[in-house]
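These notes are about the structure you will find just below.
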Amino acid sequence: MIPASLKRLLQLTKPHRSRLALAMLTMAVTAATEPALASMVKSLLERGFAKPPQIDLWVIPAFVIGLILIRGVSTFTTTYLMTWVSTRLLNDMRRKMFDRLLDVPLTYYHSNSVGQVINSMMFESQQVIDMIKNVIVNAIRSSLTVVGLIGYLLYLNWQLTLITFVLLPATSVIVRATGKRLRKLTESYLAVNADMTQVLEETTRAHQVIKLFGGENYERARFEERAENLRRYSLKMASTFATTVPITQTLTAIALSVVIVIALIQASHGQQTSAEFVAFIMSMLMMLAPMKQLAEVNGPLQRGVAASEAVFNLIDAEGERTSGRILSERAKGRLDFVDVGFTYPGAEKPALSNIELSVTPGETVAFVGMSGGGKTTLVNLVPEFQAVTSGEIRLDGEPISTIALSSLRAQMAMVSQHVVLFDDTVAANIAYGDTNPDPARIEAAARAAHLTDVIAGLPQGMETVVGDNGNKLSGGQRQRLAIARAIYKDAPILILDEATSALDSESERMVQKALDELMQGRTTLVIAHRLSTVERADRIVVLVHGRIVEIGSHAELLAREGAYANLYHSQFEKEAA
């Protein structure tokens, strides 16, 4: 039975049917050269060694050279066509996978690590293409060769040929028996390989932490554990696969021995000529190589099938919704949280419950509370990085669930403590997402973010490449570059998630100036642990265990001497100490 993933993979080849058909034809031509060669030897023995010879001397070398040329051209054509198709398929698959990655919600990464995603995109997709390009080609060409040789054997001596048919069902039983084990081992191998990729990704990303905290031995142990697991699974797969070939060859040798004995008996009774006997034995021997190749196909085929399942699992991952209307004009910026609740998948307790809050256009609202109180979860619901599980959020009176996500998110900009920059120029990072960037707006955004002096000191100014995640810039410079990006977008709603928490005093002062520029006239949602940074907010919302316990200005909340006052005094005492 053909696996569902393999059937689906074959469906992807439909746009390339003409080239695949031509490749099949050239494979058939290559396969036909095998019995043609055996037939030539038979004719040579019958007519070339007769007295006098019944064939011109130049015919045989011309036939051999012509046959080899035909075989060479057909083999090259097959390889070229299958490489053309397989590279197109690889690009198509990776494009589908990447498109899906852009569409999946944040919750996808709760159950799928970055290492798994990279492994599927690069390693497993390549294994699928290798299966198509090498395994399937070899299987088809070898099958056609075997069929051609069997046809010629039937023509020469059908009685003896029937004995060779014993090979086919016996080989099929062996392949099926080893196939199941290879499939399980391959799935485990791919999982361990994904773990290895994850370790490598984490090690390269966290090299400073590893060096500072002396984690080299720990990371080395993690890597060696995965490497040893990979080695063991590779050994198990190789040993399982290796048993198929000698058993198949043994069956072939037994059949060949029986055929030789019976052929000699027939020859002694004058039932076949020596030329027919040599051609028959030669054809039998020529079957050994394609039969061996067919036996060897099983291992790589199972690896490719297992890899294709992982690829299609990513392609089939549930994406974000595509419904909703496009907003025809810029939003005013009013936000209403109406009895909002949210529970993470698989969690027993809700992260947010009964959130009731209205934010007027241009208002700055700060969310404070202990870690785990639900602040980040709440603001992530506004651009619908995650969808509410109860209640609704409204933008200018309209439920955000009825607005197209692209249109909804076009109304928002975000600056986080975890700054994300791209390995591109300063200008490209500021105008990120704009297909037709405006140099004047880029310059204005940089000035508003207090980046002018920084850019002036860079080697190529605005055209300086900032490096991997901006590693050529300081923390404060990276933060201001992220603010410049938000200024350039000029969205009516701004989300600030701990935008100054990781900065020194001087950097924080510069960033705060840039933030003041950015917040002008915008509805702003601020998350902050350092309460001194939210004192000027219009209102402060205190979240405890996913519920709002207090709302008011800084002065009002201090006067109430409730949860906010306790947080504020506690933090003030720690800073003073």
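The values are calculated or read from the model by the stated rules, or taken from the named source; none is laboratory data. Note that this is a predicted model, so its numbers are computed, not measured. All Cβ positions, even for glycine, are placed from backbone atoms using ideal geometry, and neighbour counts span all protein chains on display. For accessibility, only protein heavy atoms count, side chains too; no ligands or nucleic acids. Shrake-Rupley method; radii C 1.70, N 1.55, O 1.52, S 1.80 Å.
At-a-glance table
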| read-out | value |
| --- | --- |
| L144 assigned to a helix (DSSP H, G or I) and either modelled with pLDDT under 80 or among the small types (G, A, S) (or both) | no |
| Residue among R334, R330 that alone is more than 21 Å from D497 (Cα to Cα), among the basic types (K, R) and modelled with pLDDT of 90 or more | R330 |
| The range 391-424, subset polar (S, T, N, Q) and over 17 Å from S323 (Cβ atoms), residue surrounded by the most Cβ atoms within 10 Å (Cβ to Cβ) | Q411 |
| Residues being without any contact (Cβ under 8 Å) to a residue 40 or more places away in the chain and either open to solvent by less than 90 Å² (accessible area, probe 1.4 Å) or outside any loop (DSSP other than H, G, I, E, B) (or both) - total across the range 323-350 | 2 |
| Subset of the range 430-448 (residues that are closer than 27 Å to T322 by Cα and either in a helix (DSSP H, G or I) or open to solvent by 30 Å² or more (accessible area, probe 1.4 Å) (or both)) | Y432, G433, D434, T435, N436, P437 |
| Flag for A427 being open to solvent by 20 Å² or more (accessible area, probe 1.4 Å) and part of a helix (DSSP H, G or I) | no |
| Looking only at the range 449-494, and only at residues there that are in a loop (DSSP other than H, G, I, E, B), among the small types (G, A, S) and open to solvent by 30 Å² or more (accessible area, probe 1.4 Å), the one that is modelled with the highest pLDDT | G457 |
| Subset of the range 216-267 that is loosely packed, with under 14 Cβ neighbours inside 10 Å and of a type in the set (D, E) - its residue that is farthest from V192 (Cα to Cα) | E216 |
| Matching entry among F63, F76, F123 (being more than 30 Å from A347 (Cα to Cα) and touching a residue at least 60 places away in the same chain (Cβ under 8 Å)) | F123 |
| Condition check for N380: open to solvent by less than 50 Å² (accessible area, probe 1.4 Å), closer than 28 Å to R100 by Cα and either in a helix (DSSP H, G or I) or in contact with a His (Cβ under 8 Å, 6 or more places away or on another chain) (or both) | yes |
| Any hit, the range 255-276, residues being under 30 Å from V135 (Cβ atoms), touching a residue at least 40 places away in the same chain (Cβ under 8 Å) and hydrophobic (A, V, I, L, M, F, W, C) | yes |
| In the range 1-20, residue nearest to R71 (Cα to Cα) [restricted to those that are small (G, A, S) and open to solvent by 60 Å² or more (accessible area, probe 1.4 Å)] | S18 |
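To keep it simple, each residue is scored yes or no on (1) open to solvent by 10 Å² or more (accessible area, probe 1.4 Å); (2) in a helix (DSSP H, G or I); (3) at pLDDT 75 or above.
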| site | (1), (2), (3) |
| --- | --- |
| Q272 | yes, no, no |
| F277 | yes, yes, no |
| M286 | yes, yes, yes |
| Q293 | yes, yes, no |
| A310 | yes, yes, yes |
| N313 | yes, yes, yes |
| E318 | yes, no, yes |
| R321 | yes, no, yes |
